[in-house]
Amino acid sequence: MARADLMCDLIKFGLAHDDKRFMQSAEAVCAEEREKQHTVLAERIEKILLTARHTRQRPKQDANIVRQGTVGAPSLFLEKAPLRRMSELILPNYVQELCEGLIEEQLRSDLLRSYGLEPRHKMLLVGAPGNGKTTLAEAIAESLMVPFYTVRYEQLIGSYLGETASRLSQLFDYARTRPCVLFFDEFETLGKERGDTHETGEIKRVVSSLLLQIDSLPSYVIVIAATNHDILLDKAAWRRFQIRVELPPPTRAALSAWLSLYERKNDLDFGIEPETIAKKIYGCSFAEAEEIATEIYRRYVLSMPADNTKRITNEVLRLWAKQRQQGEARERSDG
Ligand SMILES: Nc1ncnc2c1ncn2[C@@H]1O[C@H](COP(=O)(O)OP(=O)(O)O)[C@@H](O)[C@H]1O
Ligand SMILES: [Mg+2]
């Protein structure tokens with residue numbers, strides 16, 4: 001017989017229709033039976049679980065995509081129901097305050113308007129990949145409870161002269177029909193220094209009309225542009241944005257806070273203090289930290305019910321350090 005607490009969990013999660021935890025408990029029961037050499041029973045359970053997993057619909061990676069149109073204005077952006085939350089993000093205090101300021105102005109725009117004031121609605125996010133630009137844009141939409149539209153450049157840029165300008169108008173006409181967050185990711189690909197001689201006249205015209213369109217948007221449309229390289233943005237583009245924020249790579253304290261948050265969110269204990277892990281992985285982005293944490297979690301789940309997260313964490317960190325060394329060596333030989 002499986003351990004009493006596992007059986008209780010199994011029943012509890014089954015009754016609560018908590019599929020995820022139910023499956024986790026069932027796997028734990030299976031692993032325990034196998035450990036006790038009850039191979040036949042373990043295999044039977046495994047088979048049941050395997051079939052269940054195949055027939056249950058797997059959550060798709062982008063399950064929150066609401067719509068991706070193929071014609072007209074809806075084909076020019078990806079609509080997502082925003083799920084990420086501000087509370088999931090570790091941000092420098094001043095960034096947090098700036099974002100909260102924007103959110104408050106938007107939520108209380110009626111009051112502002114009654115005094116003849118408009119809320120701010122144009123924001124530029126700058127920073128190296130993996131430090132939260134896209135997530136923050138989505139989280140702002142979530143806080144404001146409005147749809148999150150990501151502009152699809154590949155659809156926007158037409159092959160004929162003038163085509164792009166008309167699509168841009170379509171896009172902005174659509175956006176201004178309701179409060180929303182309109183997100184321009186990798187903005188530098190569009191807003192590139194207009195003096196760049198490699199760019200065709202068409203692109204320059206696109207950028208000019210894009211900037212004009214952004215200017216003419218009503219304040220209930222929140223435009224957020226994200227870029228990796230602010231140097232590629234020209235001054236005119238910079239000035240368009242009322243809030244310009246840099247999302248820096250995480251400090252050690254930020255990494256440590258993020259790891260603790262991950263532990264709490266997943267009911268997991270890395271077996272090593274978050275500060276110690278943060279020290280070892282310092283220099284990585286939040287996205288990389290997420291990869292490391294997820295790898296530990298994955299291995300931990302596969303090893304259940306054995307409780308040896310400390311060993312797993314050390315192992316993942318060791319492999320990660322090795323990879324980093326190799327990456328650095330390659331960079332040195334390339335440069
Ligand atoms: N400041 C942050 N706080 C918490 N998690 C973050 C932060 N920045 C990035 N992440 C995590 O890393 C992942 C990648 O971040 P993303 O927003 O796509 O970065 P970017 O758009 O700047 O490349 C996200 O899924 C998020 O969970
Ligand atoms: Mg991004």
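Yes/no per residue for (1) under 30 Å from Arg244 (Cα atoms); (2) modelled with pLDDT of 85 or more; (3) over 18 Å from the mean Cα position of the chain (by Cα); (4) assigned to a helix (DSSP H, G or I):
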| site | (1), (2), (3), (4) |
| --- | --- |
| Phe22 | no, yes, yes, yes |
| Ser25 | no, yes, yes, yes |
| Ala31 | no, yes, yes, yes |
| Arg58 | no, no, yes, no |
| Asp62 | yes, no, no, no |
| Val66 | yes, no, no, no |
| Ile90 | yes, yes, no, no |
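Scanning segment 283-291 finds no residues that are of a type in the set (Ser, Thr, Tyr), in a helix (DSSP H, G or I) and farther than 25 Å from Lys36 by Cα. Name every residue in segment 224-262 that is surrounded by fewer than 18 Cβ atoms within 10 Å (Cβ to Cβ) and either assigned to a strand (DSSP E or B) or of a type in the set (Asp, Glu) (or both), in order of residue number. Selection gives Asp230, Asp234, Ile243, Arg244, Glu246. Residue count for segment 1-20 under the criterion of being crowded, with 16+ Cβ neighbours inside 10 Å and under 15 Å from Pro305 (Cα atoms): the result is 4.
Applying the condition of being more than 12 Å from Leu317 (Cβ to Cβ) and outside any loop (DSSP other than H, G, I, E, B) to segment 264-279 and asking which residue is farthest from the chain's Cα centre (by Cα) yields Glu275.
Confirm whether Ala137 is loosely packed, with under 15 Cβ neighbours inside 10 Å and within 15 Å of ligand 2 (Cβ to nearest atom). Spelling it out, it is not the case that Ala137 is loosely packed, with under 15 Cβ neighbours inside 10 Å and within 15 Å of ligand 2 (Cβ to nearest atom). Criterion applied to Gly158, Gly132, Gly116 was being in contact with a Ser or Thr (Cβ under 6 Å, 6 or more places away or on another chain), farther than 21 Å from Arg239 by Cα and not basic (Lys, Arg), and the one residue passing it is Gly158. Residues that are more than 18 Å from Arg240 (Cβ to Cβ), surrounded by 20 or more Cβ atoms within 10 Å (Cβ to Cβ) and polar (S, T, N, Q) occur in segment 113-131; there is at least one.
The values are calculated or read from the model by the stated rules, or taken from the named source; none is laboratory data. What you see is a predicted model, and the numbers here were worked out from it, not measured in a lab. Note that each Cβ is placed from the backbone with ideal geometry, even for glycine, and that neighbours are counted across all protein chains shown.
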